[in-house]
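Visitor: Here it is: the structure, laid out below.
Bear in mind these aren't lab numbers, they're just calculated from the coordinates by the rules spelled out. Only a predicted model underlies this, so the values are computations on that prediction, with no experimental measurement involved. With ideal geometry, Cβ positions are generated from the backbone for all residues, glycine too; neighbour counts draw on all protein chains shown.
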Amino acid sequence: MTDLALSDRRLSSLKLDAVIVGTAVEDDALVLLPGADDLDSQRLVDTLARLGATGAAGEVLKVALDEQTPLVIAVGLGSAGDDGFDANDLRKAAGAAIRATTGLSKVATTLAQVGGESSDELVQAVGEGLVLGAYRFDEYRSERPAADDLPASKVTLLVDKARTASTKAALSRAEKIGAAVSLARDFVNTPPNDLYPDSFAKRAKALATAAGVKAEILDERRLTAGGFGGILAVGGGSDRKPRLLRLTYAPTGIKRGTASVALVGKGITFDSGGISLKPGPKMDLMKTDMSGAAAVIATTLLIAALELPIKVIATVPLAENLPSGSAYRPADVITHRGGKRSEILNTDAEGRVVLADAIARACEDNPTYLIETSTLTGAQVVALGDRTAGVMGTDEFRDRVTDAANCVGEAAWAMPLPQDVRDGMKSKTADIANIGAGPGGMLAGGHYLKEFVGEGVEWAHIDIAGPSYNSGGAYGFIAEGATGTPVRTMLHVIEDILAEG
Ligand code: BES
Ligand code: ZN
Ligand code: ZN
């Protein structure tokens, strides 16, 4: 992971290979943002303009002015909003810029000095952007990439107040958040022959134990004893048997009556569709069907790392959906944890079937809030595209989670749960069918999950089928492959709950 450091020294007093500076569009012209005054700014702007720079968001240019001064990596932030640039602008810019530092070692950036929001917020955002933009997954290459092919491994943030506790805390937060999102990405990027229910649960448990978070893994025997029919049915087709992972972070000294949070994440380590087999092309992408689980595990460990005074329990159903002689089939009726029964009409709508058990279990702890996230439906991608999550749930909390997501730069949109879609899920034999009769597949997913949420629990379901994975090349702080969403959203919601008292 990229190391981050702070310095209040002048740019000219540092021996650097390169400095990352911000540019912007102001009155249709390219401008250099504050912080780079030590450089020959007029000459820099003229040179950048001659090279065709406009200051547009995401633009990255490298300039060598002369032998004596560091390379300049100019990253565009676009046009400022009314309040200047915000954390989301800075996170993206830092992410794009760090990928232009391949082969460089002594790198600093003035990005946290552009103004706008408080400097601590900007330090955190730049720190997150640097770590996440530099993220790569090289575990499975037989030859480690050479330093010449890697972005700078350490970056110094040049700031006015490098020594104050709040600046240091902001940087430390960025490191912890960067590590958590990277962990979620690593889980998702790991191939399904290595990351399967038992191995995933064990990896999470080892990390949890090290972080002082209690971990419990239920195997087939305990799943059977506990009546987890959905997890057992979906996982039954694979030789890699299903698991239920539970992580409990319960810090001491929390006030009685403080809200508690349940997190639930879909952990299908590979989704072939099962007997309702998916088509061959792009089936490899279904290794990402445990992105919700990855995010929920990483978030719980992050809450612990930040020592937040709130109880968080993660309930993570893990199964592999394969067709075989022991696979569940269309027409099966499954009895879930808590006794509700589902009629299976399509074995490829398996996420909701495992989540039903997990949500029912999570609600037995009487949480105040429940956030569940999953790569649940292709219909989410059809409706909202690859980068915007769909959020369903109880009205108020759904909107709160949606706002939190947009606030931290993880785009999301609130979705309704219309009665006609629910009507289409009536089963001729059981309590509910696992698919709807008509269009609105994302909403049918939400409706199905709703059946298993306990009375009075404020809940939100975040469908991340599109946003969990980026197949189209890196942009901003989003690397190629897993994105690690919605870790930062869930953190923001939990901190928002804490702030409210
Ligand atoms: N894991 C898929 C959803 C998915 C699609 C995730 C694309 C990521 C990218 C899910 O289990 C699934 O197959 N859903 C079906 C539901 C249908 C059978 C009602 C779908 O979306 O087609
Ligand atoms: Zn499926
Ligand atoms: Zn799935």
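Visitor: To the nearest 0.05, how large is the calculated FRET efficiency for Ser172 and Glu364 if R₀ is 22 Å and r is the Cβ-Cβ distance?
Guide: It comes out at approximately 0.05.
Visitor: Quick one, what does Rg over Rh come out to for segment 280-330 if you take C-alpha atoms and the Kirkwood Rh?
Guide: Ratio of gyration radius to Kirkwood radius for segment 280-330: 1.17.
Visitor: With a bin width of 5 angstrom, please list the P(r) values of segment 247-396 as percents of all Cα-Cα pairs, from the 0 bin to the one holding the largest distance.
Guide: All Cα pairs, binned at 5 Å, distribute as 2, 9, 16, 19, 19, 15, 10, 6, 3, 1, 0 percent.
Visitor: Right, another one. Report the percentage of all Cα-Cα pairs in segment 178-499 whose separation exceeds 29 Å, rounded to a whole percent.
Guide: Pairs farther apart than 29 Å: 28 percent.
Visitor: Dipole of the chain (Lys/Arg Cβ +1, Asp/Glu Cβ -1, origin at the Cα centre): which of Ala210, Gly441, Ser153 lies farthest to the positive side?
Guide: Farthest along the dipole direction, towards plus: Ala210.
Visitor: Could you work out how far the C-alpha centroid of segment 33-63 sits from that of segment 322-379, in angstrom?
Guide: Cα centroid to Cα centroid, the span is 53 Å.
Visitor: Also: What lysines does Lys214 reach when the alpha-carbon gap must be under 24 Å and sequence neighbours fewer than 8 apart in one chain are set aside?
Guide: Lys176, Lys202, Lys205, Lys241, Lys255, Lys266, Lys311
Visitor: Please sort 11-19, 268-276, 450-458, 173-181 by packing, taking for each peptide the average over its residues of neighbouring beta carbons within 10 angstrom, highest first.
Guide: Peptide ranking by packing, descending: 268-276, 173-181, 450-458, 11-19.
Visitor: Just to verify a number: FRET efficiency for Asp27 and Asp66, C-beta to C-beta distance, R0 = 35 Å, to 0.05?
Guide: Efficiency at R0 = 35 Å is approximately 0.75.
Visitor: In whole Hz and in residue order, list the ³J(HN,Hα) couplings for segment 8-22 that follow from phi through the Karplus curve 6.51 cos²θ - 1.76 cosθ + 1.60, θ = phi - 60°; x for Gly and Pro.
Guide: 9, 6, 6, 3, 5, 8, 9, 8, 10, 7, 7, 10, 8, 10, x
Visitor: Would you mind pulling out the separation of the Cα centroids of segment 385-436 and segment 1-26, in Å?
Guide: 43
Visitor: Another question about this same structure. Per-residue ellipticity at 222 nm for the chain, helices alone: DSSP H runs ≥ 4 residues times -39500 (n - 2.57), over residue total, nearest 500 deg cm²/dmol?
Guide: -10500 deg cm²/dmol
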